[in-house]
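Heads up: the structure comes next, in structure tokens.
The values are calculated or read from the model by the stated rules, or taken from the named source; none is laboratory data. Note that the coordinates shown come from a computational prediction; the quantities given were computed from them, not determined experimentally. Quick reminder, even Gly has a Cβ in these numbers, built from the backbone with ideal geometry, and neighbours come from all protein chains shown.
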Amino acid sequence: MLKLRDQSLLETRAYVNGEWVENGKTFDVINPATGEVVAKVTDLSAEEVSTTIDHAYQAQKSWKKLTGKERGALLRRWYDLMVENVDDLGTIVCAEMGKPLPEAKGEVLYGASFIEWFAEEAKRIYGDVIPGHQQDKRIVVLKQPIGVVGSITPWNFPNAMIARKVAPALAVGCSFVARPAELTPLSANAMAVLAERAGIPAGVFNVVPSSDSSGVGQELCANEKVSKVTFTGSTRVGKILMQQCADTIKKLSLELGGNAPFLVFDDADLDAAVDGAMIAKYRNGGQTCVCANRIYVQAGVYEAFAEKLAAKVQSLKLGDGFEEGVTTGPLINQAAVDKVEQHVSDAVHKGAQVMVGGKPHELGHTFFEPTILTDVTTDMVVAREETFGPVAPLFKFETEEEVVALANDSEFGLAGYFYSRDIARVWRVAEEMETGMVGINTGLISTEMAPFGGIKQSGLGREGSKYGVEDFLEMKYLCFGEI
Ligand code: ADP
């Protein structure tokens with residue numbers, strides 16, 4: 001069994017209305033680095049999720065009445081507990097998801113930072129006063145919590161993807177039903193243990209692990225007591241949820257797939273660009289929605305960039321995330337390996353060269369060698385689809401105009417990155433890039449202080465920053481007459 005300092009954080013039951021519940025059914029959580037079963041977790045049905053929603057609906061009635069300061073104080077306590085327990089929470093992330101332990105702890109602190117941020121923002125849900133349109137009229141705008149929020153999150157950040165959603169929701173007075181990815185429910189449960197300890201009232205935060213992703217998804221979308229669904233995952237599933245929400249005109253936030261372009265211009269600081277590419281490409285084994293998926297390098301620096309990048313990639317150490325010095329864990333499952341292999345073989349078949357890696361690693365399981373492909377062209381699958389693995393395809397370009405068109409030739413628009421030291425070019429390219437987020441001379445852009453989100457088919461809404469509360473608020477206009 002997974003050893004923790006505080007063993008009570010390894011919770012396998014569901015958390016419904018402040019109770020830890022079982023129903024006799026479970027599903028397995030597998031450690032991708034070893035193939036071993038980490039735990040058997042309670043498997044709720046869609047009907048049981050419906051009951052949970054009833055509890056969340058009741059709980060929200062009193063939760064919304066607390067002052068922002070009171071809710072903020074509880075969130076702050078939750079944040080403190082997450083930070084105090086970062087070692088155990090990181091261990092759980094590493095075991096169920098596979099990322100190296102230091103990176104797993106980094107994720108926990110990143111997730112916690114959203115709880116800290118929105119604990120502070122809870123006090124700042126400002127409305128508005130608008131001059132009356134007639135002499136006896138006054139206009140006031142209230143911002144009110146939307147109600148019960150249903151959340152569906154992926155496995156690549158088992159802690160942080162939930163934290164980013166639950167923190168603003170609770171801060172403004174919503175209650176929350178979290179359906180974690182079936183591959184990584186233990187982190188969600190551990191967060192609930194700490195939420196309970198922090199004093200978040202029963203029914204305000206619920207965790208409903210389930211292997212029935214589509215059944216639970218349908219319930220969350222169709223249930224009239226849920227006022228909002230927030231989802232992070234693939235564009236494919238995002239479209240299904242959007243259709244399912246149509247019947248109840250349910251509000252939706254979607255953080256979907258990306259196909260991030262990463263541009264290196266001739267005038268870039270090449271070493272900085274290589275460091276940025278290492279983070280933007282190989283962080284989390286290439287399994288983030290903001291990972292650089294297409295790396296475009298200007299002809300004059302193409303060879304030099306490729307060589308510098310190869311030297312760094314060769315120094316990555318693959319292995320079990322609990323081992324000292326490991327920088328890169330396994331991919332999440334065999335399907336992920338199959339996809340990466342298909343992308344590499346398609347590219348090679350169409351003329352790309354494998355400069356580094358290119359195949360499953362000798363460690364077995366779902367380990368895949370960090371890979372660099374050169375001579376990559378736009379007819380290859382890697383140009384169009386998100387690889388979600390440690391493969392850097394290097395495209396060569398000649399002009400700024402050409403590369404901006406290439407970068408924007410995608411139905412996705414989440415993150416984009418570029419390296420240049422020419423201030424006029426920096427402005428031009430930043431303004432032209434069709435993405436919700438742009439990293440300029442940096443490969444790491446995520447922070448609780450900035451609005452994270454995409455345009456085009458990469459999503460709706462923003463998480464983090466002062467804008468992050470808006471997705472969980474309704475606006476109500478009051479017209480006062482006879483004054
Ligand atoms: P990923 O490729 O990151 O796994 P998915 O979109 O497949 O992205 O999964 C993201 C989350 O959506 C996971 O928790 C998954 O279980 C869930 N999911 C998958 N299919 C559906 C569906 N039809 N309805 C609701 N949730 C779903």
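Scan the stretch 92-102 and tell me whether some residue there is surrounded by fewer than 24 Cβ atoms within 10 Å (Cβ to Cβ) and either more than 24 Å from the chain's Cα centre (by Cα) or assigned to a helix (DSSP H, G or I) (or both).
Filtering the stretch 92-102 for residues surrounded by fewer than 24 Cβ atoms within 10 Å (Cβ to Cβ) gives 101-102.
Now drop any that are not either more than 24 Å from the chain's Cα centre (by Cα) or assigned to a helix (DSSP H, G or I) (or both), which leaves 101-102.
Yes, that holds for at least one residue.
Can you find, within the stretch 187-219, the residue that is farthest from the chain's Cα centre (by Cα) among those that are away from the ligand (no atom under 16 Å from the Cβ) and among the charged types (D, E, K, R)?
Arg197
Okay, residues lined up against (1) out of contact with any Gly (no Cβ under 9 Å at 6 or more places or on another chain); (2) surrounded by fewer than 16 Cβ atoms within 10 Å (Cβ to Cβ); (3) modelled with pLDDT of 95 or more; (4) β-branched (Val, Ile, Thr):
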{"position": "Glu303", "(1), (2), (3), (4)": "yes, yes, yes, no"}
{"position": "Val313", "(1), (2), (3), (4)": "no, no, yes, yes"}
{"position": "Gly319", "(1), (2), (3), (4)": "no, no, yes, no"}
{"position": "Glu323", "(1), (2), (3), (4)": "yes, yes, yes, no"}
{"position": "Ile332", "(1), (2), (3), (4)": "no, no, yes, yes"}
{"position": "Ala336", "(1), (2), (3), (4)": "no, no, yes, no"}
{"position": "Lys359", "(1), (2), (3), (4)": "yes, yes, yes, no"}
{"position": "Glu369", "(1), (2), (3), (4)": "no, no, yes, no"}
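Looking for something at pLDDT 95 or above and assigned to a helix (DSSP H, G or I) - is there at least one such residue anywhere in the stretch 33-47? Working first, answer last.
Residues of the stretch 33-47 that are at pLDDT 95 or above, as a first pass: 33-47.
Add one more test, that the residue is assigned to a helix (DSSP H, G or I), and what stays is 46-47.
Yes, that holds for at least one residue.
Of all residues in the stretch 225-245 being more than 7 Å from the ligand (Cβ to nearest atom) and free of Cβ contacts under 8 Å to residues at least 24 places away in the same chain, which is surrounded by the most Cβ atoms within 10 Å (Cβ to Cβ)?
For the stretch 225-245, the residue satisfying everything is Met242.
Being more than 20 Å from the chain's Cα centre (by Cα) and within 26 Å of Asp379 (Cβ to Cβ) narrows it down to one of Leu309, Leu256, Leu316, so name that one. Don't jump to the end; show me each part of the working.
Details: Leu256 fails: more than 20 Å from the chain's Cα centre (by Cα); Leu316 fails: within 26 Å of Asp379 (Cβ to Cβ).
The match here is Leu309.
Here is a list: Val313, Val297, Val290, Val274. Which entry is among the hydrophobic types (A, V, I, L, M, F, W, C) and either in the same structural domain as Ala33 (by the TED database) or in a loop (DSSP other than H, G, I, E, B) (or both)? Write out each step before concluding.
Working: Val313 fails: either in the same structural domain as Ala33 (by the TED database) or in a loop (DSSP other than H, G, I, E, B) (or both); Val297 fails: either in the same structural domain as Ala33 (by the TED database) or in a loop (DSSP other than H, G, I, E, B) (or both); Val274 fails: either in the same structural domain as Ala33 (by the TED database) or in a loop (DSSP other than H, G, I, E, B) (or both).
When all the criteria are applied, what remains is Val290.
So if I check each of Leu414, Leu363, which one is surrounded by fewer than 18 Cβ atoms within 10 Å (Cβ to Cβ) and touching a residue at least 40 places away in the same chain (Cβ under 8 Å)?
Values: Leu414 fails: surrounded by fewer than 18 Cβ atoms within 10 Å (Cβ to Cβ).
Sole residue among the options that is surrounded by fewer than 18 Cβ atoms within 10 Å (Cβ to Cβ) and touching a residue at least 40 places away in the same chain (Cβ under 8 Å): Leu363.
Filter the stretch 305-314 for residues that are free of Cβ contacts under 8 Å to residues at least 60 places away in the same chain and under 21 Å from His365 (Cα atoms) and give the result.
Kept after step one, since they are free of Cβ contacts under 8 Å to residues at least 60 places away in the same chain, are these residues of the stretch 305-314: 307-308, 311-312, 314.
The one that is free of Cβ contacts under 8 Å to residues at least 60 places away in the same chain and under 21 Å from His365 (Cα atoms): Gln314.
Here's a check for you: in the stretch 184-203, which residue that is over 15 Å from Ala160 (Cα atoms) and touching a helix residue (DSSP H, G or I) at 6+ places or on another chain (Cβ under 9 Å) is surrounded by the fewest Cβ atoms within 10 Å (Cβ to Cβ)? Before you say what the answer is, go through the steps one by one.
Just the residues of the stretch 184-203 that are over 15 Å from Ala160 (Cα atoms), to begin with: 193, 196-203.
Still in the running and touching a helix residue (DSSP H, G or I) at 6+ places or on another chain (Cβ under 9 Å): 193, 197-203.
Values: Val193: 21, Arg197: 14, Ala198: 19, Gly199: 10, Ile200: 24, Pro201: 16, Ala202: 15, Gly203: 25.
Within the stretch 184-203, the match that is surrounded by the fewest Cβ atoms within 10 Å (Cβ to Cβ) is Gly199.
With the condition being within 16 Å of the ligand (Cβ to nearest atom), at pLDDT 95 or above and out of contact with any His (no Cβ under 6 Å at 6 or more places or on another chain), I'd like the strands (runs of 3 or more DSSP E) fully within the stretch 116-186 carrying at least 1 qualifying residues. Working first, answer last.
Working: elements: 128-130, 138-145, 148-152, 175-179.
Per the criteria, 148-152, 175-179.
Condition check: outside the structural domain of Val37 (by the TED database) and on the phi > 0 side of the Ramachandran plot. Does Gly319 satisfy that? Give the steps one after another, and end with the answer.
Values: outside the structural domain of Val37 (by the TED database): yes; on the phi > 0 side of the Ramachandran plot: yes.
For Gly319, the condition - outside the structural domain of Val37 (by the TED database) and on the phi > 0 side of the Ramachandran plot - is met.
Give the number of residues within the stretch 279-315 that are out of contact with any strand residue (DSSP E or B) (no Cβ under 6 Å at 6 or more places or on another chain) and β-branched (Val, Ile, Thr).
Number satisfying all stated conditions: 3.
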